[in-house]
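The values are calculated or read from the model by the stated rules, or taken from the named source; none is laboratory data. Keep in mind that what you see is a predicted model, and the values were worked out from it rather than measured. For neighbour counting, all protein chains shown are included, and Cβ atoms are generated from backbone atoms with ideal geometry for every residue, glycine included. Please note that ligands, DNA and RNA were not included when accessible areas were found on the heavy atoms of the full protein model with its side chains. Shrake-Rupley method; radii C 1.70, N 1.55, O 1.52, S 1.80 Å.
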Amino acid sequence: WSSDVCSSDLFAGRYWLRLELRALDRALASTGKARRVAVADALLFRAKRYAVSKPGVAEAEALLEANEGLAEYTGVTLGAQTLGAAPAAYARRDLASVEKRSSLVRSFAYGTGPAYGVLLDEARASWRPRAIRGGRLDVLLRRAYRLGTPHPADADRRAALYGSTVVKAEEDKREAERQTRLRTFQARLVDGPTVWVPLEGSGGGFDPNQVYPFGPFGVVYGYYSASGPWGDLESTEMTLIPSEGGFAILAGPARRDGDRLTGQGWTLKLKAGWTLQARAKGGEELDRKST
């Protein structure tokens, strides 16, 4: 997942994504002509978002929807069947939850996946085999409702119907906070002392609600954990994964107490045979002790 295609963390991307979520919610709450209009608006807002984003956004986000999105859709539909409830109500709940999240980069699909899936089901479309083979949900929905290709130039005119003034004010405030956060990342993960942890042979996890694209440097995770041949890492503030991958970069300097390294917001329990070595390009890197 490259930071170059994370449109859903930038102002324009988030603005149009939130309007898409609202249009999907209205579509799920409507029937007949009103639903068709809301579906068209959701697709229009998505088309506008892709038009103002870097190339590759549609393809990258389609992969997320094919994984997290379809998995959440399956949970929504099975849960609704078990309880004898309407899947649309559960899909709307997911949409409301997702829009409130501080980061939409890796979590938007938990809302769009169920919404698109339920709308496709209620249109009686045979869409699942195509989606599994990589078909984009927005394209499948447009075909199911027999809608024309959206024209991004129409998006501003329709935006006011979905509370765009409020959304813009909220996103202006968030953008100022994002710029402050990026300056902090720059100071602590680029300009300041750093600790590099090799990720080859490791596995771990992260909080999808705390994922922050960091321009050409990569992606910063608010919560990140990993275990590898060197030991166990838990970071609760900021961990940079470079665009080229291979390492987790932590804010230094590191303090050592026995088999434990600690830094700002992170702790790493070292396994025997590992230590910190100076890197030629700056910072320190975990490496095996020389024998």
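So the values come out like this:
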| read-out | value |
| --- | --- |
| Net charge of neighbours whose Cβ lies under 11 Å from the Cβ of Phe247, counting Lys and Arg as +1 and Asp and Glu as -1 | -2 |
| Cα-based shape type of the chain, given that a ≥ b ≥ c are square roots of the gyration tensor eigenvalues and the cut on a/c is 1.5 | prolate |
| Positive-pole candidate from Ala38, Leu83, Ser102, dipole of segment 1-126, charges at beta carbon | Ala38 |
| Gain upon complete extension [Lys281, Glu234; 0.36 nm per residue less C-alpha separation] | 14.5 nm |
| Gyration tensor verdict on segment 67-142 (Cα atoms; rounded if a/c is under 1.5, prolate if a/b is larger than b/c, oblate otherwise) | oblate |
| ³J(HN,Hα), Karplus 6.51/-1.76/1.60, whole Hz, each residue of segment 142-156, x for Gly, Pro | 4, 5, 4, 9, 6, 9, x, 5, x, 10, x, 5, 7, 5, 4 |
| Amide H contacts of Gly252 (H built 1.01 Å from N, under 5 Å, at least 5 apart or other chain) | Thr194, Val195 |
| Accessible carbon and sulfur surface of the chain relative to its total accessible area, %, 1.4 Å | 52 percent |
| 0 to 90° range, to nearest 10: angle between helix 11-29 axis and the chain longest Cα axis | 40 degrees |
| Relative packing of peptides 175-183, 89-97 - highest average C-beta neighbours within 10 Å first | 89-97, 175-183 |
| 1.4 Å probe accessible area per residue over segment 69-167, in Å² | 50 Å² |
| Candidate lysines for bridging to Lys168, where Cα separation is under 18 Å - those fewer than 8 sequence places away on the same chain excluded | Lys48, Lys100 |
| Helix 32-51 axis, angle to the chain major axis (alpha carbon atoms, nearest 10°) | 40 degrees |
| The chain: most fluctuating residue of Val197, Val211, Val105 per GNM, C-alpha cutoff 10 Å | Val197 |
| Residues in segment 23-51 reached by a label modelled at Phe11 [backbone nitrogen below 17 Å; 7 Å Cα→Cβ] | 49 |
| The chain: relative contact order as a whole-number percent, Cα under 8 Å and 6+ apart | 17 percent |
| List Ile241, Ile249, ordered by accessible area with a 1.4 Å probe, largest first | Ile241, Ile249 |
| 0 to 90° range, to nearest 10: angle between helix 109-122 axis and the chain longest Cα axis | 20 degrees |
| Proximal lysines to Lys289, defined as alpha-carbon separation beneath 20 angstrom and excluding residues fewer than eight positions away on the same chain | Lys269, Lys271, Lys281 |
| Glu99, Glu170, Glu61, ranked by accessible area, largest first (probe 1.4 Å) | Glu170, Glu99, Glu61 |
